[in-house]
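The values are calculated or read from the model by the stated rules, or taken from the named source; none is laboratory data. All figures in this text were calculated on a predicted structure; none of them were measured in a lab. Don't worry about glycine lacking a Cβ; one is built from the backbone with ideal geometry, like all the others, and counts go over all protein chains shown.
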Amino acid sequence: MLPPAAYHQARSAFGRACTCIDNIMLKNPRMNGFVYLRNTDTIRDECKNPENHAYGRPLAGRLVGLKDNFCTTDMPTTCASKMLHDYRSPYESTPSQLLRDAGAVIVGKVNMDEFAMGTHNLHSSYGKCLNPLFPLEDEVSPGGSSGGSAAVVAADMCDIALGSDTGGSVRLPAAYCGVVGYKPSYGLISRHGVIAYAQSLDTVGILAKNVADVENTFNVLNHYDDKDPTSLAPEFRKRIHAMKASRNVEKLRIGIVQEAIIDLSPQVRDAWINSLEYMRGLGHEVVVVSVPSLRNSLPTYFIVSPAEASSNLARYDGVRYGYRHEDDRDGDNLYAPTKTEGFGSEVQRRILLGTYNLSAGAYGNHYEKAQKVRRCIQKEFDDIFSVPNVLHDSPDNVDSSEAQSVTVDVLIQPTTRTIAPTFKQVSEAKNATDAYINDVLTVPANLAGLPAISVPWGHGIESVGIQVIGQFGDDQLVLDVAKILETGNKL
């Protein structure tokens, strides 16, 4: 005999499923958020099954959208690319399996920039996704590359969505669409079954309308996975647990990175100042800190990530799986027609850039120097945080000769320089590199592997993404500060 609460929760989940499915049927044909939808009757049946709610599953009946680079056995996984058109994985990704085990109901796959390369969800074989925060006829960007993930949450098509964050691909769309977007510390969530863009930067991210749903989902996914060689080992997870127990949010020192005070739109700058004033009004201290190497974070990112992408995407040759051009059967250029037709323009651009940076003539001047700058960024972040990086054996092994006299608990800064642009404004960019500047405030956290979350400040089309960044492993404090900001935004 199942407890009565299970039946009540099942009825509630069924009602929520019906609402979300109605929204999908009404909005998705124009918005283009979901690119693959599971059978709607199956979704309703899974939600209303009381057994799914009877055993304390933390995500029972919650509706989840998956970015189209998470492998699943029951749906295509295409990375929004012609190269993987109709590809079905023989295995399930660890994150999607953990969600299913926790009682979540997968709704379908959502739109994205092809192979996660883009900042506006414009580079997709399925066509662009629109931002539901604005009138759809205005054709406003939802951000990228996880633009579909942010859009379907903002449009009430599901409760939670997973994305991947390589240089801000979860946080930037969250800011544009007025939702919460969280990138955990690198290695906390398994990437097994998530198709790689740049594996030293890729992080599974979570999007939802509130921090509580993000945190609950993170707790489900935050486990060691021996299938993922980059999964953080249990030894370091124990250190994180010990650090978490000693933290509190009663009196925080909040940092403003001097190098992050850049050309911001008035709306973004005002929202940022208001959020800091709110935190100061609660008794928290706000100080300015310096991360000098941050000035070079964007060029460093766009050297390292395309280099890794050019290596990762070399496997797509049309021989073992994926698209194959009919002219590839003969001739000297065996793979050229397949890759020219199978990959979109942005993917080709980054592959070529990465291949060049790994070439003999450029490796030393570009790639090696970028890796050195990346190490400088990591060290400078370690120097400004009040707790040590758990990856170090002990604080005694850290060179503190250049450490700053003032340390902080978290950093608070805008997620983006401006609010969401229209696709017309995006198309008017003078050159391809203009789009890359959008990542300037988000890539540092990826280069250093730090936890970062974007929470909305303001409401509707007036909302601005405010980003909280913490020390590696200090994810709980980042989430706790995000809750404080979330509360302030409700006042």
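When each of VAL455, VAL464, VAL468 is tested for being touching a strand residue (DSSP E or B) at 6+ places or on another chain (Cβ under 6 Å), modelled with pLDDT of 95 or more, surrounded by 24 or more Cβ atoms within 10 Å (Cβ to Cβ) and within 17 Å of LEU282 (Cα to Cα), the lone residue that passes is VAL468.
Regarding GLY61, is this residue in contact with a Cys (Cβ under 8 Å, 6 or more places away or on another chain), in contact (Cβ under 8 Å) with a residue 60 or more places away in the chain and either surrounded by 14 or more Cβ atoms within 10 Å (Cβ to Cβ) or within 23 Å of ALA212 (Cβ to Cβ) (or both)? For GLY61, the condition - in contact with a Cys (Cβ under 8 Å, 6 or more places away or on another chain), in contact (Cβ under 8 Å) with a residue 60 or more places away in the chain and either surrounded by 14 or more Cβ atoms within 10 Å (Cβ to Cβ) or within 23 Å of ALA212 (Cβ to Cβ) (or both) - is not met.
So that you can scan it fast, the table gives a plain yes or no per residue for (1) under 30 Å from VAL110 (Cβ atoms); (2) acidic (Asp, Glu); (3) part of a helix (DSSP H, G or I):
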residue: ILE206; (1), (2), (3): yes, no, no
residue: PHE218; (1), (2), (3): yes, no, yes
residue: ASN296; (1), (2), (3): no, no, yes
residue: GLY318; (1), (2), (3): yes, no, no
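Note on the stretch 172-204: among residues that are touching a helix residue (DSSP H, G or I) at 6+ places or on another chain (Cβ under 8 Å) and in a helix (DSSP H, G or I), the one that is surrounded by the most Cβ atoms within 10 Å (Cβ to Cβ) is PRO173. Scan the stretch 251-266 and tell me whether some residue there is in a helix (DSSP H, G or I) and free of Cβ contacts under 8 Å to residues at least 24 places away in the same chain. Yes, the conditions are met somewhere in the stretch 251-266. Of everything in the stretch 1-13 that is assigned to a helix (DSSP H, G or I) and without any contact (Cβ under 8 Å) to a residue 40 or more places away in the chain, the residue that is surrounded by the most Cβ atoms within 10 Å (Cβ to Cβ) is ARG11. Restricting attention to the stretch 31-52, the residues that are part of a helix (DSSP H, G or I), buried (at least 17 other Cβ atoms within 10 Å of the Cβ) and in contact (Cβ under 8 Å) with a residue 40 or more places away in the chain total 6. Of the residues examined, GLY15 is not one that is assigned by TED's automatic domain parsing to the domain that holds ARG191 and either of a type in the set (S, T, N, Q) or closer than 28 Å to VAL204 by Cβ (or both). Given the criteria in contact with a helix residue (DSSP H, G or I) (Cβ under 8 Å, 6 or more places away or on another chain) and crowded, with 20+ Cβ neighbours inside 10 Å, does ILE303 qualify? Against the criterion (in contact with a helix residue (DSSP H, G or I) (Cβ under 8 Å, 6 or more places away or on another chain) and crowded, with 20+ Cβ neighbours inside 10 Å), ILE303 qualifies. Residues of the stretch 430-449 that are among the small types (Gly, Ala, Ser) and either modelled with pLDDT of 95 or more or loosely packed, with under 13 Cβ neighbours inside 10 Å (or both): ALA432, ALA445, ALA448, GLY449. Number of residues in the stretch 256-276 that are surrounded by fewer than 13 Cβ atoms within 10 Å (Cβ to Cβ) and under 14 Å from GLU462 (Cβ atoms) equals 1.
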